[in-house]
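Step one of this worksheet: look at the structure below.
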Amino acid sequence: MTKLEGLRRQKGWTQREVAEKLHISGSIISQVEKGFRKAYPKLMRKLAEVYGAEISDLFESDGTPKILEEDYIILPVKR
């Protein structure tokens, strides 16, 4: 699991909700989260801003999303 997906789940957001916040397609969020697509610089900045994180915490220098460590636990969020 990527850090992007982990943060999104931790906040209780769907991919569609993140996409709407950024005014982009939900499929882009899905592809970037799964590492099937690299994020371009503008998207990396927007995602970092939405999640309140640094770009370097979420992405490798080439735009590939970083992977969560195995011992990271995502707690369910009640809505």
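Remarks
- Any chance Ile24 is modelled with pLDDT of 95 or more and part of a loop (DSSP other than H, G, I, E, B): yes
- Filtered by the rule that a residue be surrounded by 13 or more Cβ atoms within 10 Å (Cβ to Cβ) and either of a type in the set (Val, Ile, Thr) or over 14 Å from Phe59 (Cβ atoms) (or both), the stretch 1-13 gives Met1, Thr2, Arg8, Arg9, Gln10, Lys11, Trp13.
- Every residue from the stretch 1-17 that is touching a Lys or Arg at 6+ places or on another chain (Cβ under 9 Å) and not small (Gly, Ala, Ser): Met1, Thr2, Lys3, Leu4, Glu5, Trp13, Thr14, Gln15, Glu17
- Candidates in the stretch 27-56 are the residues that are assigned to a loop (DSSP other than H, G, I, E, B) and in contact with a strand residue (DSSP E or B) (Cβ under 9 Å, 6 or more places away or on another chain); of these, the one that is surrounded by the most Cβ atoms within 10 Å (Cβ to Cβ) is Ala39.
- Residues of the stretch 40-70 classified as among the small types (Gly, Ala, Ser) and closer than 14 Å to Arg8 by Cβ, total: 3
The values are calculated or read from the model by the stated rules, or taken from the named source; none is laboratory data. Keep in mind that what you see is a predicted model, and the values were worked out from it rather than measured. Neighbour counts run over all protein chains shown; Cβ positions are idealised from the backbone, glycine included.
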